[in-house]
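**Q** Structure in structure tokens, see below.
The values are calculated or read from the model by the stated rules, or taken from the named source; none is laboratory data. Predicted, not measured: the structure shown is a model, and the values here were computed from it. Note: ideal-geometry Cβ built from the backbone for every residue, glycine included; neighbour counts use all protein chains shown. Remember, those area values only see protein heavy atoms, side chains included, never the ligands or the DNA or RNA. Shrake-Rupley method; radii C 1.70, N 1.55, O 1.52, S 1.80 Å.
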Amino acid sequence: MKTLDHAERADIFNEDEKRVDWHDETLWWIRQKRDKSAHQIPEWEDLRETASAIKSNTLSNLHDYLLEFEKNALQNGVIIHWAADAKEHNEIVYRLLKEKGIDKMVKSKSMLTEECHLNEYLEHQGIEVIDSDLGERIVQLAKEPPSHIVLPCIHKKKEEIGELFHEHLGTPKGNADPQLLTEAARVHLRDTFLTRKAALTGVNFAVAETGEIVICTNEGNADMGAHLADIHIACMGIEKIIPKREHLSVFLRLLARSATGQPITTYSSHFAKPRDGKELHIILVDNGRTRQLGREEFRNSLKCIRCGACMNTCPVYRRSGGHSYHNAIAGPIGAILAPNLDMKQYADLPFASTLCGSCSNVCPVKIDIHDQLYKWRQVLVKEGYTTTAKQVAMKTMATTLSSPALYKLAGKAARTTLKYAPFMVNNKFNAWYLQRDMPKVPQSSFGEWYKINRKKNEQ
Amino acid sequence: MNSRDQILAAVKANQPELTPLPQLDSFFKGQETALIEKFTQVLNGIGGKVIVVANTNEIISLLKENYSLDQIRVISPLASMQEIANNNIDNHNPHALENVELAILPAHFAVAENGACWLDESILLDRVLPFITQHLILIVNKVNVLPTMHHAYEKIGNEQYGYGAFIAGPSKTADIEQSLVLGAHGARSLWVFLV
Ligand code: SF4
């Protein structure tokens, strides 16, 4: 069966226009909260610059930092594992559980485990996994993947959540009060926390200098899981390293403000040593990251601290929904990371962008996101994924949105226009696209391909 | 080659030329004014509550007014709170803390810019206590309200803790249609007493 590409999935998402408007407006509102919060810090731009430079240094010295982290963590009594790919990561988790005879685990948010499809794998092995972040629990009950890295169920209406909770947690039918639903989840998950012997968490930052890991949540679910379990497994990509403890100040100032506009997440927990008599395992995962490190144009994507700001601001993400990206990480950053994992499968994603640059403007670690999307397009064409790319390129918003003026306009009016633009193939001579893309592309094959398809598009 | 060596070799082969680490000095400048006001305003804004008191007796009478202290389990490591709380817990059995209604903990310092308080393992009795308790009280010395996170990490320095956390406000979620609800999995309320 053919998997649907971004444009096709976006079409499905756009069948319900009201929902698209709501999705769009909700995310834009979060983007505005981010702006307000950032504007309160006069040194904001310096912080972004500094964060980016710290990450540059990290990537340029990652080998030594990884060794330093390992040495210090081992000294702290932590057990370190290395996984070359998703499969090895999943097998390590399973082995750790099996050794302890554990068949039920509670998990807090970890995009890495989404990337590795850990839940499916473990369920296949007979292990029950309960996601404890409220948004993740909701999508888990709905048997869906998260649609946003920070706001996993941002695509769901409260009535749908009320229905799910009625079915699974026995809340009153027809009740969609967020207060009541959250309370029901609290009670249900408290019992889970108290009865699970294994807890898995993600990692936001890992400090080479001290061997400690930092985990940020608003709900307190990572801590509830980890402190009550016999074994805490923390999974991290190797790019989560930062050199020194003092650097946490820069990243913790940026992360929550960029994500939701909060000054900091409710909890920023620093795990250095396991509890007395308990185990703390850290799995360091590559899964394509060393390959991305070697791609000069794309290595900056490894600086990402997963704040989600690039998604909240992206006109394509807001109006196509996270699921249309068919990848664990959606939005602009997902579209850069995914082709590194599989160029063929994700050839459509770098085209799911207008290259408006809003993502790069908000990114707290100053990743040149829209430039990288543009560069991926060139690579994908050059590497022979033109058939896939050609099919999708003509359908995606990148090519159907013809006017740069749309992106300069702010507010409701512009968004109303956007609502219709992406899915009407009525662009004439596409001056904007030409101007933005063509002169920079030397390959004649791409030029010819473009000409042919542009004609088709005009018919 | 095992995965470890393989990953390390690939990193070494693919990492770019060394770039310098930036200095953080400039972030310390010009941040020192009206710290208590700022801390209060920020923490109130994220669902917490700040109360400035003259001494611990005032805290005890305020808590007596607001909680039926004789009917609930109150835990605190502080000698000054033993009139209304006890420090009687079993670290080998953190699950037994599930019925704690109120935890009263000291914090090392507070951060004005974001309303956070820092606690490490040496003062929180049990790692799970600030999370599992229904309501959390933190007590901070007024002189320990620091301007920013840079000052915070300067103060933490090379401290060797097993565990430590910044706590800023009560546990919360906005996962259901972005409606803010306090009391997700951790404490439902947070009061900070500045003494
Ligand atoms: S790419 Fe930048 S803006 Fe997007 S999630 Fe990562 S850090 Fe945030």
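**Q** Inspect all residues belonging to the range B:152-160 and state whether any of them is crowded, with 24+ Cβ neighbours inside 10 Å and closer than 25 Å to B:Ile89 by Cα.
**A** No, there is no match, as no residue in the range B:152-160 is crowded, with 24+ Cβ neighbours inside 10 Å and closer than 25 Å to B:Ile89 by Cα.
**Q** Among the residues of the range A:161-168, are any free of Cβ contacts under 8 Å to residues at least 40 places away in the same chain and touching a Cys at 6+ places or on another chain (Cβ under 9 Å)?
**A** Yes, some residue in the range A:161-168 is free of Cβ contacts under 8 Å to residues at least 40 places away in the same chain and touching a Cys at 6+ places or on another chain (Cβ under 9 Å).
**Q** A further question on this structure: Could you tell me which numbered condition A:Glu99 fails, if it satisfies all but one of (1) surrounded by 21 or more Cβ atoms within 10 Å (Cβ to Cβ); (2) free of Cβ contacts under 8 Å to residues at least 60 places away in the same chain?
**A** Here A:Glu99 meets the rest and fails (1).
**Q** Sort out which residues of the range A:39-66 are without any contact (Cβ under 8 Å) to a residue 12 or more places away in the chain and facing another protein chain (nearest Cβ under 7 Å), and write them in order of number.
**A** Once the filter is applied, which keeps residues that are without any contact (Cβ under 8 Å) to a residue 12 or more places away in the chain and facing another protein chain (nearest Cβ under 7 Å), the range A:39-66 yields A:Glu43, A:Asp46, A:Ala53, A:Ser60, A:His63.
**Q** Out of curiosity, is A:Thr210 open to solvent by less than 50 Å² (accessible area, probe 1.4 Å), outside the structural domain of A:Ala222 (by TED's automatic domain parsing) and not in a helix (DSSP H, G or I)? Before the answer, list the steps.
**A** On the way: open to solvent by less than 50 Å² (accessible area, probe 1.4 Å): yes; outside the structural domain of A:Ala222 (by TED's automatic domain parsing): no; not in a helix (DSSP H, G or I): yes.
So A:Thr210 does not fit the description; no.
**Q** For the range B:91-118, give me each residue that is within 26 Å of A:Lys278 (Cα to Cα) and either within 12 Å of chain A (Cβ to nearest Cβ) or of a type in the set (Ser, Thr, Tyr) (or both).
**A** B:Asn91, B:His92, B:Asn93, B:Pro94, B:His95, B:Ala96, B:Leu97, B:Glu98, B:Asn99, B:Trp118
**Q** If a residue must be more than 8 Å from every other protein chain (Cβ to nearest Cβ), in contact (Cβ under 8 Å) with a residue 40 or more places away in the chain, more than 16 Å from the ligand (Cβ to nearest atom) and crowded, with 22+ Cβ neighbours inside 10 Å, how many such residues does the range A:130-154 contain?
**A** Residues meeting the conditions: 1.
**Q** Any idea which of A:Leu62, A:Leu67 is hydrophobic (A, V, I, L, M, F, W, C), open to solvent by 20 Å² or more (accessible area, probe 1.4 Å), touching a Leu at 6+ places or on another chain (Cβ under 9 Å) and within 30 Å of A:Arg253 (Cα to Cα)?
**A** Details: A:Leu62 fails: open to solvent by 20 Å² or more (accessible area, probe 1.4 Å).
None of the other options fit; the residue is A:Leu67.
**Q** Out of all the residues in the range A:237-249, is one or more facing chain B (nearest Cβ under 9 Å) and of a type in the set (Lys, Arg)?
**A** Looking for residues that are facing chain B (nearest Cβ under 9 Å) and of a type in the set (Lys, Arg), one finds at least one in the range A:237-249, hence yes.
**Q** Restrict the check to the range A:335-345 and report whether at least one residue is open to solvent by 10 Å² or more (accessible area, probe 1.4 Å) and near the ligand (Cβ under 10 Å from one of its atoms).
**A** Scanning the range A:335-345, I find at least one residue that is open to solvent by 10 Å² or more (accessible area, probe 1.4 Å) and near the ligand (Cβ under 10 Å from one of its atoms), so the answer is yes.
**Q** Please give the number of the condition A:Gly277 fails out of (1) assigned to a loop (DSSP other than H, G, I, E, B); (2) more than 10 Å from every other protein chain (Cβ to nearest Cβ); (3) of a type in the set (Gly, Ala, Ser); (4) open to solvent by 10 Å² or more (accessible area, probe 1.4 Å).
**A** So the condition that A:Gly277 fails would be (2).
**Q** Now for a separate question. Would you tally the residues in the range B:138-155 being in contact with a helix residue (DSSP H, G or I) (Cβ under 9 Å, 6 or more places away or on another chain), more than 7 Å from chain A (Cβ to nearest Cβ), assigned to a helix (DSSP H, G or I) and of a type outside the set (D, E, K, R)?
**A** Number of matching residues: 2.
**Q** Determine, yes or no, whether B:Ile176 is open to solvent by 10 Å² or more (accessible area, probe 1.4 Å) and either touching a residue at least 40 places away in the same chain (Cβ under 8 Å) or part of a loop (DSSP other than H, G, I, E, B) (or both). It would help to see each step written out before you state the result.
**A** On the way: open to solvent by 10 Å² or more (accessible area, probe 1.4 Å): no; either touching a residue at least 40 places away in the same chain (Cβ under 8 Å) or part of a loop (DSSP other than H, G, I, E, B) (or both): yes.
Against the criterion (open to solvent by 10 Å² or more (accessible area, probe 1.4 Å) and either touching a residue at least 40 places away in the same chain (Cβ under 8 Å) or part of a loop (DSSP other than H, G, I, E, B) (or both)), B:Ile176 does not qualify.
**Q** Now a separate question. Given the conditions (1) more than 7 Å from chain A (Cβ to nearest Cβ); (2) assigned to a strand (DSSP E or B), and given that B:Glu159 satisfies all but one, which numbered condition is not satisfied?
**A** Of everything listed in (1) more than 7 Å from chain A (Cβ to nearest Cβ); (2) assigned to a strand (DSSP E or B), B:Glu159 misses just condition (2).
**Q** Please verify whether the range A:240-253 includes one or more residues that are more than 17 Å from the chain's Cα centre (by Cα), among the basic types (Lys, Arg), within 16 Å of the ligand (Cβ to nearest atom) and part of a helix (DSSP H, G or I).
**A** yes
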